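The numbers here are math on the coordinates, done by the rules we state, and not lab data. Quantities reported herein were computed from a predicted structural model and do not represent experimental measurements. Here the Cβ positions follow ideal geometry from the backbone for every residue, glycine too, while neighbour counts run over all protein chains shown.
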C-alpha cells in the first residue's frame, strides 16, 4: 500500500540536456553518500524521464523524475510505513534536487 505521492517541481535554467546530466551525476553522488541507507533496485531513463525503485531503510519507494527545459518534476510514492514522513520527504527531495540543479 502506497501513500499519496510527494510531488516537487524545481525550476532551472540549464535546458533539458544539461539538467539530465546534472541529475544523473547528482544521483550517483547521492547513491555514494547514502549507501548505508539507500539501495537503488531499478533506475531506467527513457528520454527525459527517469523511473526508479529504491529501498530506503528497507522500505520501497518508487517514483519518476520528468525533466523539461526549465524545470524538473519529481513524483515519489512512499509506502504506508513512511506516510507520516510526507512533508519531511518533500523537503529532502527539494533540497537534494536544488543542489543537483544548482
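Key figures for this structure:
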{"quantity": "0 to 90° range, to nearest 10: angle between helix 86-101 axis and the chain longest Cα axis", "calculated": "30"}
{"quantity": "Tail fraction, Cα-Cα pairs, the stretch 62-102, threshold 13 Å, whole percent", "calculated": "58"}
{"quantity": "Pairwise label distance in nanometres, residue 57 with residue 14, each label 7 Å out on the Cα-Cβ vector", "calculated": "2.9"}
{"quantity": "Label selected from [x] 1.10; [y] 1.14; [z] 1.01, the criterion being Cα Rg over 2.2 N^0.38 Å as computed here", "calculated": "[z]"}
{"quantity": "Tilt relative to the chain, helix 15-33 - C-alpha long axis, 0 to 90 degrees, to 10", "calculated": "40"}
